[in-house]
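One structure below.
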Amino acid sequence: MLIKILGSGCAKCNRLEQLTREVVAEQGLNASFEHVTAMDEIMAYPIMTTPALVVDEVVRVSGRIPSKDEIAAWLKG
């Protein structure tokens, strides 16, 4: 699975990536990460605010940091 973190590299973006990596490790999932910081690439997704979490090109959340349980549910599905 491909997981993208969309954001400029701010503290919230980094926290979202950290939480997502923790969930991947805890569940033993096989995932690759990409941190998208280029504004033109971020604008290609239907989001209004960052940070955003994209799993296999599906936007799961934007504008807030979800709980680990939310992230886990998205990665299972």
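The values are calculated or read from the model by the stated rules, or taken from the named source; none is laboratory data. Treat the numbers as computed from the prediction; the structure is a model and nothing was measured. Here the Cβ is made from the backbone with ideal geometry for all residues, glycine too, and neighbour counts use every protein chain on show.
Table: residues versus (1) touching a residue at least 12 places away in the same chain (Cβ under 8 Å); (2) out of contact with any Gly (no Cβ under 6 Å at 6 or more places or on another chain).
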{"position": "9", "(1), (2)": "yes, yes"}
{"position": "32", "(1), (2)": "yes, yes"}
{"position": "44", "(1), (2)": "no, yes"}
{"position": "51", "(1), (2)": "yes, no"}
{"position": "58", "(1), (2)": "no, yes"}
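Considering 32, 8, the condition of being of a type in the set (Ser, Thr, Tyr) and modelled with pLDDT under 95 is satisfied by 8 alone.
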